[in-house]
Amino acid sequence: MPDCHDEVTRHKKPDWLKIKLHNSSNFGEVARIVQEHGLHTICSSGRCPNQAECWSRRTATFMILGEICTRSCKFCATATGKPLPPDPDEPQKLARSVRLMGLKHCVVTSVTRDDLPDGGAEIWAETVRAVRRENPDTSIELLIPDFDAREDLIDTVIAAKPDIIGHNVETVARLTSQVRSRARYEVSLKTLSHIARSGCRTKSGLMVGLGETDDEVLAAIDDLVANGVRIMTIGQYLRPTLKHLPVADYVTPEKFATYKEEALRRGMLYVESGPMVRSSYMAEKAMQCCGSKK
């Protein structure tokens with residue numbers, strides 16, 4: 001990215017990026033459950049700006065397969081390095097926590113585990129099965145890695161029958177090599193296409209503010225629609241630390257509204273688009289909106 005982008009990063013963030021603080025008993029209870037059961041959440045490891053709001057609504061996005069990723073994407077705050085072996089009890093721990101929180105819609109993501117022969121696919125599948133056994137009325141949404149677009153591994157996850165499977169392209173095609181580690185735009189589209197062909201509701205997410213153009217954003221939306229994605233999120237990239245990519249620009253709420261309008265016009269069924277939107281923000285609404293539509 002050009003060095004001049006550092007000038008934007010140094011500027012004061014616009015008012016629309018101010019985070020509303022939440023301090024409720026629900027927040028404390030969710031935090032206690034997460035800590036007591038040794039769970040990892042992307043809310044914390046990803047430094048999500050909506051953590052206080054979501055936890056106060058008694059919702060959380062769980063992160064399985066540890067908290068150390070084998071990839072080092074330049075936008076992500078999750079730690080990278082050599083992960084520990086998977087915890088075989090993790091699926092059941094997570095399932096119990098979903099029950100304790102009384103969740104109606106459970107969102108699960110993970111670090112990428114290129115070190116595992118199956119990329120963690122079987123743990124993913126067992127997590128879905130465990131949550132379903134203990135919480136039969138809870139809908140389940142997954143945000144999976146690309147699995148290198150290996151259909152056998154993706155099929156292992158699909159066979160567990162989650163309600164929504166998401167995989168984020170993260171950025172536009174031109175910027176992928178600068179923003180993501182090892183991942184390729186075309187591989188992500190292949191992963192999403194395979195999920196969609198299975199009949200499962202398919203979701204993806206895009207960050208803006210990394211130097212993309214409006215035309216590139218619209219092209220990415222068209223690519224997602226063409227590959228079967230019908231649910232998507234669009235949010236502002238925020239730099240986690242000075243070691244990460246600088247922000248190129250802060251996208252206005254008005255432009256986010258335009259992106260949402262265009263995405264719906266181009267074939268999306270449900271879109272969350274706004275400066276503070278993240279992959280699992282208001283995730284339960286997509287189930288309510290899409291119903292039985294795949």
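The values are calculated or read from the model by the stated rules, or taken from the named source; none is laboratory data. Computed from a predicted structure; not experimentally measured. All Cβ positions, even for glycine, are placed from backbone atoms using ideal geometry, and neighbour counts span all protein chains on display.
Annotations
- Considering GLY228, GLY199, the condition of being of a type in the set (Gly, Ala, Ser), without any contact (Cβ under 8 Å) to a residue 40 or more places away in the chain and not in a strand (DSSP E or B) is satisfied by GLY228 alone.
Yes/no matrix, rows are residues, columns are (1) in a helix (DSSP H, G or I); (2) more than 24 Å from VAL128 (Cα to Cα); (3) touching a residue at least 12 places away in the same chain (Cβ under 8 Å):
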{"residue": "GLN178", "(1), (2), (3)": "yes, yes, yes"}
{"residue": "ARG182", "(1), (2), (3)": "no, yes, yes"}
{"residue": "LEU189", "(1), (2), (3)": "yes, no, yes"}
{"residue": "SER204", "(1), (2), (3)": "no, no, yes"}
{"residue": "MET207", "(1), (2), (3)": "no, yes, yes"}
{"residue": "ALA220", "(1), (2), (3)": "yes, yes, yes"}
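- Between ARG150, ARG174, the distinction of being more than 14 Å from SER193 (Cβ to Cβ), in contact (Cβ under 8 Å) with a residue 24 or more places away in the chain and surrounded by fewer than 24 Cβ atoms within 10 Å (Cβ to Cβ) belongs to ARG174 only.
- Conditions (1) part of a helix (DSSP H, G or I); (2) surrounded by fewer than 18 Cβ atoms within 10 Å (Cβ to Cβ): number failed by ASP137: (1)
- On inspection, SER56 passes the criterion of being hydroxyl-bearing (Ser, Thr, Tyr), modelled with pLDDT under 85 and touching a His at 6+ places or on another chain (Cβ under 7 Å).
- Test result for THR252, modelled with pLDDT of 90 or more, over 18 Å from the mean Cα position of the chain (by Cα), over 20 Å from ARG201 (Cβ atoms) and β-branched (Val, Ile, Thr): yes
- The stretch 153-171, subset in contact (Cβ under 8 Å) with a residue 40 or more places away in the chain and out of contact with any strand residue (DSSP E or B) (no Cβ under 8 Å at 6 or more places or on another chain), residue surrounded by the fewest Cβ atoms within 10 Å (Cβ to Cβ): ASP155
- Residue within the stretch 209-230 that is over 30 Å from SER97 (Cβ atoms), in contact with a Gly (Cβ under 8 Å, 6 or more places away or on another chain) and crowded, with 20+ Cβ neighbours inside 10 Å present: no
- Residues in the stretch 251-260 that are surrounded by fewer than 19 Cβ atoms within 10 Å (Cβ to Cβ) and assigned to a loop (DSSP other than H, G, I, E, B): THR252 only.
Let's see how each residue does on (1) touching an Asp or Glu at 6+ places or on another chain (Cβ under 6 Å); (2) touching a residue at least 40 places away in the same chain (Cβ under 8 Å):
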site	(1), (2)
THR252	no, yes
ALA257	no, no
VAL277	no, yes
TYR281	yes, yes
